[in-house]
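**Student:** Below: one structure in structure tokens.
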Amino acid sequence: MENKLDNRISSRIDLVYIALITMFFILLIVSSFMGLSQNPMNVFLIFILMLGTIIGYYAGITAAMIYSIIFIFLYASYSIFLNISRGIPVGNIVYFWMLIVPLLAVISAYNGSLIKNIQDQNRSLRKENAEFVMIDKETGLMNSHTFFNELQVFMKINERYNIEVYLMLVKMKYENEVIRILGESKYKRMVNMISKAINSMLREEDKKYILRDVNMFGIIILSNKNGGKQVKNRLKEIIKNIDSEDDFLINSVKLEVQVGLVCYNAEKISSPYEFYKMAERDLEFDV
Amino acid sequence: MLQSIYDYLLLWSLFSIWLVVLINQVLVTSGFISYLKHNNKKYREIPANDLPFVSILIPAHNEAKVIAKTLQSILELNYDDNKYEIIVINDNSSDNSAEILEKIKEENPDRFIKIINTDNISGGKGKSNALNIGLAQSKGAFIVVYDADNTPEKNALKELVYSILKDEKAGAVIGKFRCRNKDRNLLTRFINLEGIYFQWMAQAGRWQLFKLCTIPGTNFIIRRSILDKLGGWDTDAITEDTEISFRIYKMGYHIRFCPYSTSWEQEPETLSVWFRQRKRWVKGNYYVITKHFFSLFYKDTGSIRFDILYFIFIYAIFLTAAVISDFIFILSFGGFITTTVMGYSLLLWLMAYLLFVLSVLISISAEKGELKRSNVFIAIIMYFSYCKLWSIIAVVGLVSFIKDVTFNREITWYKTERF
């Protein structure tokens, strides 16, 4: 059904474009064979025609038709006036203009409405899509959209089963300097390396996220007493010892991370955002 | 250049046609401005306890086919049940309307429904008279009228009330009407487009230009104080709505156009019924012209001067011009006479035709789902078919009107047959 609808719109756009090209082709033929360029009035009318197509495209079909009726009325009245007062005969070209101006304005307006339709569709699909995507494409970790949703779930688990929930935030040290020295693409590789390390070190049931908008990794760990601290130390150790086999430039920059760790406490923390903020503050103490 | 009497006649008729086209042009364009103003406005809610008490009058004469549905839809309006009463004036009906109405009333014991049954002695003298009977028994500070075949949209009443409350100079507020049975046959499709076009041009356009509207006979609200001052509806008028509109303007009030309130009505499905209904309208317009002609020259007439002039112009000048030009065209086509102005009469004709089609399309583009291929086709053929029928009606109506005046016929119900 969806597919059918899309096909219909796109085939309509094709038709409209062919119609537009045909109309301009006719205009070209008529203007060269009927010697339109000899009369400055016709040049002015071509301008009117262009204005109509532009107004139609931007303002829609109703506006295009309003533009057309005003043009037709003024132009026909002017031609009749010339005929009566000066005896200038009403040539075929008058009828030609009276038909082609509204036609082009309306076709162009229709074209505009189809394109706007597709744009709107595209925008809403993208928005919907963004809401559905939960996994970061490059690292395979879950993204920040999922992060806050799931953080809430783990807070609830803690309240119910009394298991300790840790939130760990991992941030690359001297990040800006790294980017400046190595460039974006190497930085990206380093991020991927860290994410690999995190992935390999942690258990399957620990939740790992990449928070792209703040350049951090988020990790949610379920543990017993002080479990979080041990994980933190081990993680720092492993990342320190990472080395890239093929890139000595990366090896030359010592890869180090800052880690913030907070254990959830239902009395002090009321929302996922607060939880996150506390972990962010803890980052500052990891010097 | 101009040689014969035919040339001058043709020239004059062409000029008249040109002038009508010009006026319609201006109206359509101002309708567009009004459309831009009203488009994309959000629905406004009125606090429930500020709603005034409203009396809804439904005049009915042999309406058994449609009255139950109408009453039901009015009972279901989105308006506080305790804030409106429904008065059905079942005027001199010979069918079983009375039983149907009584049954609905019994089914809704907690609602304010009043049913007035009249016979040929206490009533039966037409819609105006029926409305006056209903008015005498109503309590509301505002009176709303629906024809017996109407299906108002849920918010129709609320929108009317809202509009009249916020505009103190509005003696009445009118809503829109649409054709409910538009897909029945070609005639109802024509009527549908005609209705949309008429409201765009005549109501929205005139409202935008002159703050001028005329009551369309259904889906309107009017202040009781005005009706009291006017002494109710004019029982001599054939089209009581145009008549009362004129009198409202003469009192210094205006009639407001509210495009948010819509009522769906049933239109004639056969040509003969359509013909009779339109003949009545045309005669009503003649009545208005003759009655109000002299008020053109009074100072206090105000903006309805436009309407009187427009009516005179359309009926007295435009129609004769159209007939003359058609006649000369046929004669010269047959070679009986020769004219020198034929050349641009074709141009004028093409102009009028293109403008008509485009104007109809403009007005239907404002209604959701109406700008479609079948309607474009109907607009294209409308000029040659439906519009020609109108000129026949104008002539027939004039003859009938003159007969009425000379033989002093009495006003009774002009009943539009239902389907």
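Readers should treat all values here as calculations from the given coordinates under stated rules, not as data from a laboratory. Note that the structure is a prediction, hence the values are computed from the model and not measured. Positions of Cβ are generated from backbone atoms using ideal geometry, with glycine treated the same way; all protein chains shown enter the neighbour counts.
**Student:** Determine the shielding of peptide A:63-74 by partner chains: average, over its residues, the number of Cβ atoms on other chains within 10 angstrom of each Cβ.
**Tutor:** 6
**Student:** Here's another thing I want to ask about it. Taking the alpha-carbon distance from B:Lys158 and a cut-off under 13 Å, which aspartates and glutamates remain once sequence neighbours fewer than 8 residues away in the same chain are dropped?
**Tutor:** Partners found: B:Glu45, B:Asp50, B:Glu76, B:Asp80, B:Asp81.
**Student:** Shielding of A:80-93 by partners, i.e. mean partner chain Cβ atoms within 10 Å per residue?
**Tutor:** For this peptide, the per-residue mean of nearby foreign Cβ atoms is 3.
**Student:** Suppose every K and R has +1 on its Cβ and every D and E has -1 on its Cβ; what is the size of the dipole of the range B:20-175 about the Cα centre, in Debye to the nearest 20?
**Tutor:** That gives a dipole near 640 debye.
**Student:** Still on this structure: Compute the signed sum of charges (Lys and Arg +1, Asp and Glu -1) over the other residues within less than 13 Å, Cβ to Cβ, of B:Phe311.
**Tutor:** That sum, taken over residues with Cβ under 13 Å, equals +2.
**Student:** Based on the alpha-carbon gyration tensor of the range B:68-175 and its eigenvalue square roots a ≥ b ≥ c, which shape applies: rounded if a/c is under 1.5, prolate if not and a/b is larger than b/c, or oblate?
**Tutor:** Note, shape of the range B:68-175 comes out oblate.
**Student:** Compute the relative contact order of chain A as a whole-number percentage, counting only Cα pairs closer than 8 Å that sit 6 or more residues apart in sequence.
**Tutor:** 17 percent
**Student:** Where does helix A:92-132 land angle-wise versus the long Cα axis of chain A, in degrees 0 to 90, nearest 10?
**Tutor:** 10 degrees
**Student:** What aspartates and glutamates could a cross-link reach from B:Lys37, if we take a straight Cα to Cα line under 16 Å and drop same-chain neighbours fewer than 8 places away?
**Tutor:** The qualifying aspartates and glutamates are B:Glu367.
**Student:** Just for the protein assembly as shown, what percent of DSSP beta bridges are antiparallel, to the closest 5?
**Tutor:** That works out to approximately 50 percent antiparallel.
**Student:** Considering the options A:Thr139, A:Leu222, A:Ile88, tell which one lies farthest towards the positive end of the dipole of chain A, charges being +1 on Lys and Arg and -1 on Asp and Glu at the Cβ, about the Cα centre.
**Tutor:** The Cα lying farthest towards the positive end belongs to A:Ile88.
**Student:** How much of the DSSP beta bridge set in chain B is antiparallel, as a percent to the nearest 5?
**Tutor:** Bridges in chain B are about 25 percent antiparallel.
**Student:** Take every residue in peptide B:371-378, count the Cβ atoms of other chains within 10 Å of its Cβ, and give the average of those counts.
**Tutor:** Shielding by partners across B:371-378 averages 0.
**Student:** If you fit an axis through the alpha-carbon atoms of helix A:2-33 and take the longest principal axis of the Cα set of chain A, what angle between them do you get, 0 to 90°, nearest 10?
**Tutor:** It works out to around 40 degrees.
**Student:** Another one. Size of the dipole of the protein assembly as shown about the Cα centre, Lys and Arg at +1 and Asp and Glu at -1 on the beta carbon, nothing else charged, in debye to 20?
**Tutor:** 840 debye
**Student:** Okay, next question. So for each of A:56-69, A:253-266, B:96-109 I average, over its residues, the number of other beta carbons within 10 Å; can you give me the resulting order with the highest mean first?
**Tutor:** A:56-69, A:253-266, B:96-109
**Student:** Output the pairs from B:Lys105/B:Lys283; B:Lys65/B:Lys182; B:Lys65/B:Lys368; A:Lys156/A:Lys232; B:Lys139/B:Lys229; B:Lys105/B:Lys169 with a Cα-Cα distance over 27 Å in this structure; if there are none, say none.
**Tutor:** B:Lys105/B:Lys283; B:Lys65/B:Lys368; B:Lys105/B:Lys169
**Student:** What is the protein assembly as shown by shape, rounded, prolate or oblate, if you read a ≥ b ≥ c off the alpha carbon gyration tensor as root eigenvalues and call it rounded for a/c under 1.5, prolate for a/b larger than b/c, and oblate otherwise?
**Tutor:** Judged from the Cα gyration tensor, the protein assembly as shown comes out oblate (a/c at least 1.5, b/c at or above a/b).
**Student:** For Cα pairs less than 8 Å apart in space and 6+ apart in sequence, what is the mean separation divided by the residue count of the range A:2-132, i.e. the relative contact order in percent?
**Tutor:** Relative contact order here is 36 percent.
**Student:** Please name which of A:Asn117, A:Ser252, B:Ala352 has its Cα lying farthest along the dipole of the protein assembly as shown towards the positive end, using unit charges on Cβ (Lys, Arg +1; Asp, Glu -1) and the Cα centre as origin.
**Tutor:** With unit charges placed on the Cβ atoms, the residue in question is B:Ala352.
**Student:** Evaluate the relative contact order of the range A:142-283 (contact order divided by residue number), counting alpha-carbon pairs under 8 angstrom at least 6 apart; express in whole percent.
**Tutor:** Relative contact order for the range A:142-283 comes out at 37 percent.
**Student:** Among residues other than B:Ala172 whose Cβ falls under 12 Å from its Cβ, what is the net charge (Lys/Arg +1, Asp/Glu -1)?
**Tutor:** For residues surrounding B:Ala172, the net value is +3.
**Student:** What aspartates and glutamates does B:Lys388 reach when the alpha-carbon gap must be under 20 Å and sequence neighbours fewer than 8 apart in one chain are set aside?
**Tutor:** Excluding near neighbours in sequence, the set is B:Glu194, B:Glu267, B:Glu269, B:Asp326.
**Student:** Taking the Cα centre as origin and putting +1 on Lys and Arg beta-carbons and -1 on Asp and Glu beta-carbons, what dipole magnitude results for the range A:142-283, to the nearest 20 debye?
**Tutor:** 200 debye
**Student:** Which percentage, to the nearest 5, of the DSSP beta bridges contained in chain A is antiparallel?
**Tutor:** Counting DSSP beta bridges with both partners in chain A, the antiparallel share is about 90 percent.
**Student:** Could you tell me which helices of chain B pass both thresholds, a Cα extent of 20 Å or more along their own axis and a mean Kyte-Doolittle hydropathy of at least -1.0, with helices taken as whole DSSP H runs?
**Tutor:** B:5-38, B:271-292, B:319-333, B:342-365, B:386-407
**Student:** Is it possible to state the helix-based mean residue ellipticity at 222 nm for chain A, with each DSSP H run of 4+ residues giving -39500 (n - 2.57), the sum divided by total residues, to the nearest 500 deg cm²/dmol? What is it?
**Tutor:** Roughly -23000 deg cm²/dmol at 222 nm, from the helical runs in chain A.
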